[in-house]
Amino acid sequence: MNTAWHILGAGSIGNLWACHLVSAGFPVTLVLRTQAKLDLFNQQKGIRLKDKLYTTEAELAESKGTISQLLVTTKAQSTQKAFNSIRHRIADKARVIVLQNGMGSQQWIKEQLPDADVVWASTTDGAWLPEPFDLVHAGEGYTRLGNPDKDSYWLEELGRGFLKIEMDDEIERTLWCKLAINCAINPLTACFQCQNGELIKKPDYLSEMAQICREVEAVATAAGIKLFKGPLIEHACDVAELTSENYSSMMQDVRHGRPTEIEAITGYLCKLAKQYAVPTPTNARYLAQIKKMHEFI
Ligand code: KPL
């Protein structure tokens, strides 16, 4: 019998991974935040995806029972509170995967669980939930996973499910590349409330994006991280073009009055910039602007 995976963060990516893990033969338990959500779950006792029901369990954080395999898919800003609610249940030598946008939480979780096997992950899969536990896998991408410190051989077991996964021995660099693109696109689209493609059509937006990219590159260099082969602005423009009709996750969070991941994206960059004494005035300006929007949430 395969050991169960607990999933903390039952948003679209958490639900997608729940289905993936079920398809790979694992028992899965979603850790839900409220009794109301649990009551909703209990009406179908699983997740519906492409006319198929992936049967899982669900429980509240205060349930009993040790967690020995944990996937964290919370929004970056909710991670600490959610993690602390189940901290006492996590086995010392647990296997943990942290799959989320931004940076900061990955390191924080590693510090909380010094004896655990903590893997970091980044995905290009896209999914959304038209209804709770009713999932659409909108964009089929791949998920990269890696342990920055050692070989986590057990990751191979995850390849049995339907999602595409890749082992990554440069996971920190991969997360940095994603962070860099998110710094370039997300705050601008959130501030100007525009689609990703607008950033390359309007010269004013493009010049702001170029400035953000120069600052991000300077911080990455100071931190000893090699980003892309070519200049970051070229990659950011490619992503904006490829996703031109899309609204970035941060733009959508602002539009729906939800807290954004700005602290884990631009906030993380600015904190590091301070540490290395690298000036990042443009990023700092957008960080302040988005944080100001939070005051109205
Ligand atoms: O990852 C993204 C997001 O919306 O969060 C993209 C579309 C790549 C923009 O940064």
> What is the one condition in (1) open to solvent by 10 Å² or more (accessible area, probe 1.4 Å); (2) assigned to a helix (DSSP H, G or I); (3) hydroxyl-bearing (Ser, Thr, Tyr) that TYR54 does not satisfy?
Replying inline: (2)
> Does THR3 satisfy being in contact with a Gly (Cβ under 6 Å, 6 or more places away or on another chain) and in contact (Cβ under 8 Å) with a residue 60 or more places away in the chain?
Replying inline: no
> Under 7 Å by Cβ, and 6 or more places apart or on different chains, what pairs join a residue from the range 185-198 that is assigned by TED's automatic domain parsing to the domain that holds ASP253 and open to solvent by 10 Å² or more (accessible area, probe 1.4 Å) with one that is away from the ligand (no atom under 12 Å from the Cβ) and basic (Lys, Arg)?
Replying inline: GLN193/ARG255
> Can you tell which of GLU166, GLU156 is acidic (Asp, Glu) and in a strand (DSSP E or B)?
Replying inline: GLU166
> How many of the residues in the range 1-12 are crowded, with 24+ Cβ neighbours inside 10 Å and assigned to a helix (DSSP H, G or I)?
Replying inline: 0
>> Can you go through TYR286, TYR247, TYR205 and tell me which one is assigned to a loop (DSSP other than H, G, I, E, B) and in contact (Cβ under 8 Å) with a residue 12 or more places away in the chain?
In response: TYR247
> Can you find a residue in the range 164-184 that is over 27 Å from LYS271 (Cβ atoms), more than 14 Å from the ligand (Cβ to nearest atom) and out of contact with any Leu (no Cβ under 7 Å at 6 or more places or on another chain)?
Replying inline: yes
> Counting only residues that are free of Cβ contacts under 8 Å to residues at least 60 places away in the same chain and among the hydrophobic types (A, V, I, L, M, F, W, C), which one in the range 151-163 is nearest to the ligand (Cβ to nearest atom)?
Replying inline: LEU155
> Taking the range 215-239, which residues are within 15 Å of the ligand (Cβ to nearest atom) and within 13 Å of PRO187 (Cβ to Cβ)?
Replying inline: VAL216, ALA236
> What is the number of the single condition among (1) within 16 Å of ASN182 (Cβ to Cβ); (2) among the acidic types (Asp, Glu); (3) within 13 Å of the ligand (Cβ to nearest atom) that GLU263 does not meet?
Replying inline: (3)
>> Checking the condition assigned to a loop (DSSP other than H, G, I, E, B), surrounded by 14 or more Cβ atoms within 10 Å (Cβ to Cβ) and out of contact with any Gly (no Cβ under 9 Å at 6 or more places or on another chain), which residue from SER63, SER85, SER68 passes?
In response: SER63
>> Could you tell me how many of the residues in the range 249-282 are open to solvent by less than 10 Å² (accessible area, probe 1.4 Å) and within 20 Å of the chain's Cα centre (by Cα)?
In response: 9
>> Restricting to the range 131-147, and then to whatever is touching a Lys or Arg at 6+ places or on another chain (Cβ under 9 Å) and part of a loop (DSSP other than H, G, I, E, B), can you tell me which residue is most open to solvent (accessible area, probe 1.4 Å)?
In response: GLU140
> If you go through the range 245-255 one residue at a time, do you hit one that is more than 13 Å from the ligand (Cβ to nearest atom) and out of contact with any strand residue (DSSP E or B) (no Cβ under 9 Å at 6 or more places or on another chain)?
Replying inline: no
> What single numbered condition from (1) touching a Ser or Thr at 6+ places or on another chain (Cβ under 9 Å); (2) open to solvent by 40 Å² or more (accessible area, probe 1.4 Å) fails to hold for GLN35?
Replying inline: (1)
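The values are calculated or read from the model by the stated rules, or taken from the named source; none is laboratory data. Please read these numbers as outputs of a predicted model, since none were measured by experiment. Note that we place each Cβ from the backbone using ideal geometry, even for glycine, and neighbour counts take in every protein chain shown. To get the accessible areas, we keep the full protein, side chains included, count just its heavy atoms, and leave off ligands, DNA and RNA. Shrake-Rupley method; radii C 1.70, N 1.55, O 1.52, S 1.80 Å.
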